[in-house]
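Enquirer: Okay, handing you the structure first.
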């Protein structure tokens, strides 16, 4: 108990950080978003004909991306209707570097009317660590 009273500021920061993480996780669940492992993502691409939407910059995308991915940098999410309309309502698999930027992008895409969205857990970093192919 002495630790808590003597380090109240550290305890408060830890509680705030934990609450922020929990808030983000609950927000994803309430929005109907699912995080897929790289193996689950491959199954989703093959079985459900999901469109891989790479949210990284054009330069980073050019250095390596998932085969068949559509590059839609986060700053261009407003153009999603134009660029993704021809995908015919297929599910979207959102990919970024580590999986963090995809959450914010998913909110914008959901507001733009895209219903079936999934996130690649761990982003391209997890994809590469799983030893899956990358195209340049």
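The values are calculated or read from the model by the stated rules, or taken from the named source; none is laboratory data. No experiment lies behind these values; they were computed from the predicted model shown. Because the Cβ atoms are built from the backbone with ideal geometry, glycine has one as well, and the counts that use them run over all protein chains shown.
Enquirer: In the set 74, 60, 95, which member is modelled with pLDDT of 80 or more, closer than 24 Å to residue 129 by Cα and in contact with a strand residue (DSSP E or B) (Cβ under 8 Å, 6 or more places away or on another chain)?
Expert: 95
Enquirer: Has segment 112-119 got any residue that is under 22 Å from residue 39 (Cα atoms), touching a helix residue (DSSP H, G or I) at 6+ places or on another chain (Cβ under 6 Å) and at pLDDT 90 or above?
Expert: Checking segment 112-119: at least one residue is under 22 Å from residue 39 (Cα atoms), touching a helix residue (DSSP H, G or I) at 6+ places or on another chain (Cβ under 6 Å) and at pLDDT 90 or above.
Enquirer: Applying the selection to segment 101-130, what residues are more than 17 Å from residue 73 (Cβ to Cβ) and part of a helix (DSSP H, G or I)?
Expert: Result: 110, 111, 125, 126, 127, 128, 129.
Enquirer: Kindly evaluate residue 84 against the criterion of being in contact with a strand residue (DSSP E or B) (Cβ under 9 Å, 6 or more places away or on another chain), within 16 Å of residue 33 (Cβ to Cβ) and touching a residue at least 12 places away in the same chain (Cβ under 8 Å).
Expert: Considered against the rule, which asks whether it is in contact with a strand residue (DSSP E or B) (Cβ under 9 Å, 6 or more places away or on another chain), within 16 Å of residue 33 (Cβ to Cβ) and touching a residue at least 12 places away in the same chain (Cβ under 8 Å), residue 84 comes out as no.
Enquirer: Sticking with this one: Which of the residues that make up segment 81-100 are within 13 Å of the chain's Cα centre (by Cα) and surrounded by fewer than 18 Cβ atoms within 10 Å (Cβ to Cβ)? Before the answer, list the steps.
Expert: From segment 81-100, those within 13 Å of the chain's Cα centre (by Cα) are 92-100; that's our starting set.
Matches in segment 81-100: 97, 98, 100.
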